[in-house]
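The values are calculated or read from the model by the stated rules, or taken from the named source; none is laboratory data. Source: prediction; values computed, not measured. Cβ atoms come from the backbone with ideal geometry, glycine included; neighbour counts cover every protein chain shown.
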Amino acid sequence: MDFSEAANRISRKFAKGGQTPDVKKIEGKLRRLVDEFGVQPSEAERSVTNELAKEFNLPAPGSGGSAGGGGKGGGTEEKKIADGVPGEWVTIEGKIVALSNPPSPSIAQSGVIADDSGAMRFVVWAKSNAPAMAEGSWYRIESAVVDEFKGVANLKIHSGTTIKEISEDRSLIPSPVPIKDLHPGIDSVRAKFIQEWDASHERMLQSGLLGDETGTIKFVIWKEPGKEKLVPGAVYNLFYAQVDEFNGRLSLNLNTATILQEEGEIEVSGGEVAVTGAIVHIAPGSGIIKCCPVEGCNRALSRQNYCPVHEIQPKFIYDLRIKGWLDDGEKTHNILIQRDVVESLTGISLAQAQEIAENNPLGMDEVFLQMRDTVLGRYITCHGREIDNRLLVNKCDKVVFNSGDHTALLNRAGGAPS
Amino acid sequence: MSTNTKDMGRREGAFEREPARRVFAAELRECRYQFKDGEDEKSPTFVLLPSGERSNRIFLVGTLTEKTRQGEQNIFYRGRVVDPTGTFFIMAGSYQPEAMQQLAKIETPAFVAVIGKPNLYQKPDGSYLASVRVESITVVDKDTRDLWVLDAAKHTMDRVDAYTKEPTPDILKAKEQYPTIDPSLFRKIAYDALAQIKI
């Protein structure tokens, strides 16, 4: 092993961060480890680097216990982005595909870096004094740390990291991932904008639902200069969007994404499903309800006509809905049935329900009871879209007795040896 | 990347309601074993069906032939619901006020759909009684009853078929708890139930 070369390599890493380790001392330590203790050269280099990092108070490398080490350069291994595992020191070459506003003054830059294997979020600490990187350029990043933040791998650039711009001019075409296969991190999707939702926060530019052949996912775009709204019904290629997870549900943050509209069409499965089973529970809040009349609100009011946002609303609007559980014997589905489907299923129209609610001594409860008695325990098939574990029913049929099914079951029961 | 953590995350937080099993009276009558899934006071209780499936809730449709009001201070109702294979014993007490009111109003005989929780009681003579604590009961028509017989027959045969294939922990437990019961018996029962439907 060429000790002085290795020692120089180590010292360069730290010199970048303004530290001046003693090259002779490093060389001595390496020599001692290798010659006296029979340590593998790569392992010796790694342990000296670690020791110095501790001394200079830098992030402890290899805390995840990367066994690799690698025979060639230093304690870090050249990796593809997709192979970066939290806890490892890595050297990667990639293209800055997105820069986002640093969320905190201790962060100089943040964004997304990609190569042909995948993409990852990165963070440059302000303390690292790293040169600013430009969107669209390629860099070789040596001795950065892959860390985990909110369950997602994240590249940390600290004072021991070397950044070099490299002259690469490849355009990366990430391959889209089917929506049902998305994982937290950075991914690309090709999807259709199928439903626009009201922005629930003043910093939100747009939110809604995207769909492809395999499923649907919520997305959000936060207000930022240069961000534009998507057009409902259009199909987009969304490169390097951030997949977030909250309460076990995934959503897409498109602020980091490169958004390209295209001409194609997507047959959105949208989680369109049909479930047949028996209605085993009708939940409170079903039947006739009062809704907030404020434009765009439409929240259900309490008995006192109180809207959680707009307070007392005497000029409420009536609506019908059924919330409940549809059970096929193996799994129970949470269902929400909209007004027109409730009308056809129960045979009670909104006008009739309103008449009952206003004139019957039990009021709205009477509508609930009548609907419960006509629906509960019945077999129905519900068609709709499943969102957040709830089936939003847009069509519903009563199951009718089919003598073909009967015969088939008789054959099955009698056909087997008894 | 860190694939394993996220797959778990997707499962968590989502509340899963216990499905209502479809079981004929003749099978429920054979149950002798119930257990709790977990140590917690609120952990669900399951009755193990001899065909090898746990049930915390059942859905049944049959004819309510009899109901009686009992108790002075704590009123509760008992009823008998008959399916093509036997009789379910149902009850609704003051802890199920909605179910009790529904049951109180129904005139016998009537086709009823019952959603409830099965429970096992040991009688003084040592024999077991499976009874269903009603969560909800409504009057339905004959079509719904016939649909249920098909549904219960299908699920019964699905269980019987699964019993002879890859054993699940519940199937192994059933073999241990009900050594004398051959589930193919329930296929025969399903056949008899189906044969009683007149078209």
task: For region B:125-146, enumerate the residues that are at the interface with chain A (Cβ under 7 Å from one of its Cβ atoms), of a type in the set (Ser, Thr, Tyr) and farther than 13 Å from B:Leu60 by Cβ.
output: none
- prompt: Name the residues in region A:276-314 that are assigned to a loop (DSSP other than H, G, I, E, B), touching a residue at least 24 places away in the same chain (Cβ under 8 Å), at positive phi and surrounded by 11 or more Cβ atoms within 10 Å (Cβ to Cβ), would you?
  reply: A:Gly285
message: Going residue by residue through region A:152-162, is there one that turns out to be within 14 Å of another protein chain (Cβ to nearest Cβ), in a strand (DSSP E or B) and touching a helix residue (DSSP H, G or I) at 6+ places or on another chain (Cβ under 6 Å)?
response: no
field: When residues of region B:106-122 are limited to those that are β-branched (Val, Ile, Thr) and surrounded by 23 or more Cβ atoms within 10 Å (Cβ to Cβ), the one nearest to the other protein chains (Cβ to nearest Cβ)
entry: B:Ile115
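Just for region B:175-188: of the residues that are hydrophobic (A, V, I, L, M, F, W, C) and in contact with a Pro (Cβ under 8 Å, 6 or more places away or on another chain), which one is nearest to the other protein chains (Cβ to nearest Cβ)?
Here the residue is B:Phe186.
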message: Report every pair of residues separated by at least 6 positions or lying on different chains whose Cβ atoms are under 7 Å apart, first residue within region B:30-53 and hydroxyl-bearing (Ser, Thr, Tyr), second assigned to a strand (DSSP E or B).
response: B:Tyr33/B:Leu48; B:Ser43/B:Lys36; B:Thr45/B:Gln34; B:Thr45/B:Lys36
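Residue-by-condition table, conditions (1) over 29 Å from A:Asp319 (Cβ atoms); (2) at pLDDT 90 or above:
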| residue | (1), (2) |
| --- | --- |
| A:Asp244 | yes, no |
| A:Leu252 | yes, yes |
| A:Thr258 | yes, no |
| A:Gly270 | no, no |
| A:Val275 | no, yes |
| A:Ile279 | no, yes |
| A:Gly285 | no, yes |
- line: From the option list B:Tyr191, B:Tyr163, single residue qualifying as more than 9 Å from chain A (Cβ to nearest Cβ), more than 14 Å from the chain's Cα centre (by Cα) and of a type in the set (Phe, Trp, Tyr) is B:Tyr163
field: Of all residues making up region A:213-258, the number that are surrounded by fewer than 20 Cβ atoms within 10 Å (Cβ to Cβ), within 12 Å of the chain's Cα centre (by Cα) and not in a strand (DSSP E or B)
entry: 2
- line: Only one of B:Glu66, B:Glu72 is touching a strand residue (DSSP E or B) at 6+ places or on another chain (Cβ under 6 Å), more than 20 Å from B:Thr45 (Cβ to Cβ) and either within 14 Å of another protein chain (Cβ to nearest Cβ) or of a type outside the set (A, V, I, L, M, F, W, C) (or both), namely B:Glu66
- prompt: Out of region B:159-183, which residues are exposed (fewer than 15 other Cβ atoms within 10 Å of the Cβ) and hydroxyl-bearing (Ser, Thr, Tyr)?
  reply: B:Thr164, B:Thr168, B:Thr180
- line: Cβ pairs under 6 Å, 6+ apart or interchain, first in region A:196-212 and surrounded by 14 or more Cβ atoms within 10 Å (Cβ to Cβ) and among the acidic types (Asp, Glu), second modelled with pLDDT of 85 or more and not in a strand (DSSP E or B), ordered by first then second residue, are A:Glu196/A:Pro232; A:Asp212/A:Ile179
- request: Name every residue in region A:329-342 that is in contact with a helix residue (DSSP H, G or I) (Cβ under 9 Å, 6 or more places away or on another chain) and surrounded by 16 or more Cβ atoms within 10 Å (Cβ to Cβ), in order of residue number.
  value: A:Gly329, A:Ile337, A:Arg339, A:Val342
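Listed here are the residues, each with its yes/no results for (1) at the interface with another protein chain (Cβ under 10 Å from one of its Cβ atoms); (2) at pLDDT 90 or above.
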| residue | (1), (2) |
| --- | --- |
| A:Cys382 | no, yes |
| A:Leu391 | no, yes |
| A:Leu410 | yes, yes |
| A:Pro417 | yes, no |
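Could you pull out the residue among A:Val123, A:Val97 that is closer than 25 Å to A:Lys223 by Cβ and modelled with pLDDT of 90 or more? Full working, then the answer.
Numbers: A:Val97 fails: modelled with pLDDT of 90 or more.
Every option except A:Val123 fails the conditions.
Please state which one of A:Val39, A:Val48 is modelled with pLDDT of 75 or more, over 28 Å from A:Ser117 (Cβ atoms) and not aromatic (Phe, Trp, Tyr).
Working: A:Val39 fails: modelled with pLDDT of 75 or more.
Just a single option satisfies the conditions, and that option is A:Val48.
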- request: Those residues that are assigned to a helix (DSSP H, G or I) and surrounded by fewer than 22 Cβ atoms within 10 Å (Cβ to Cβ), I need them from region B:85-100; list them, please.
  value: B:Pro97, B:Glu98, B:Met100
Residue list for region B:1-29, restricted to those being crowded, with 18+ Cβ neighbours inside 10 Å and either at pLDDT below 80 or part of a loop (DSSP other than H, G, I, E, B) (or both): B:Met1, B:Lys6, B:Gly9, B:Pro19, B:Arg22, B:Val23, B:Phe24
statement: Matching residues in region A:30-61 (outside any loop (DSSP other than H, G, I, E, B) and farther than 19 Å from A:Trp89 by Cβ) number 5
statement: Taking region A:134-165 and keeping residues under 25 Å from A:Gly18 (Cβ atoms) and of a type in the set (Gly, Ala, Ser) leaves A:Ala134, A:Ser137, A:Ser143, A:Ala144, A:Ser159, A:Gly160
- request: Using the structure shown, decide if A:Gly377 is touching a residue at least 24 places away in the same chain (Cβ under 8 Å), away from every other protein chain (no Cβ under 11 Å), among the small types (Gly, Ala, Ser) and crowded, with 17+ Cβ neighbours inside 10 Å.
  value: no
